1. By how many nm would the segment from ALA27 to THR85 grow when fully extended, if each residue of separation counts as 0.36 nm and the alpha-carbon distance is taken off?
2. Count charges around ALA36 for me, please; just the other residues with Cβ under 10 Å from its Cβ, Lys/Arg as +1, Asp/Glu as -1.
3. Taking H as built 1.01 Å from N, whose amide H comes closer than 5 Å to the amide H of TYR79, not counting residues under 5 places away?
Amino acid sequence: MPAYRLSGFSALVHIAWCALASVGDAAMTYGIVIIAAVVLRRVGSAPHELKLYATTAIIGLPVAALVEFVALHVGFWEYDPSMPTVFGLGLFPLLQLSVLTPVALAISERLSWRR
């Protein structure tokens, strides 16, 4: 959250905006997993393979790049100077969907198999 700037908003609005963005991140994560499962023709709840995790990471990177590009150019948010960037896009959001999606998938798998 500190790596983003939402100009002219109070701290409370900034927190609410970030919470809404988190809901969007969760929806994108879910969508990335579904797309990866369709691409790999995986259906069901069998244990996931490494290629599913890798596919979600590969799909997550361009999705994150597209979202960041659009959000920056539409003016949804700006980066604070503390945000490291790659080709003008924030490194943290790029890594978020490409790294955290397979991690979330692995955690959900472990939790579901414990029942």
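1. 18.5 nm
2. Here the count lands on +2.
3. Counting only residues 5 or more places away or on other chains, the set is ARG5.
Readers should treat all values here as calculations from the given coordinates under stated rules, not as data from a laboratory. This one's a predicted model, so the numbers in the text were calculated from it and none came from an experiment. Neighbour counts are summed over all protein chains in view; Cβ atoms, including those assigned to glycine, are modelled from backbone coordinates with ideal geometry.
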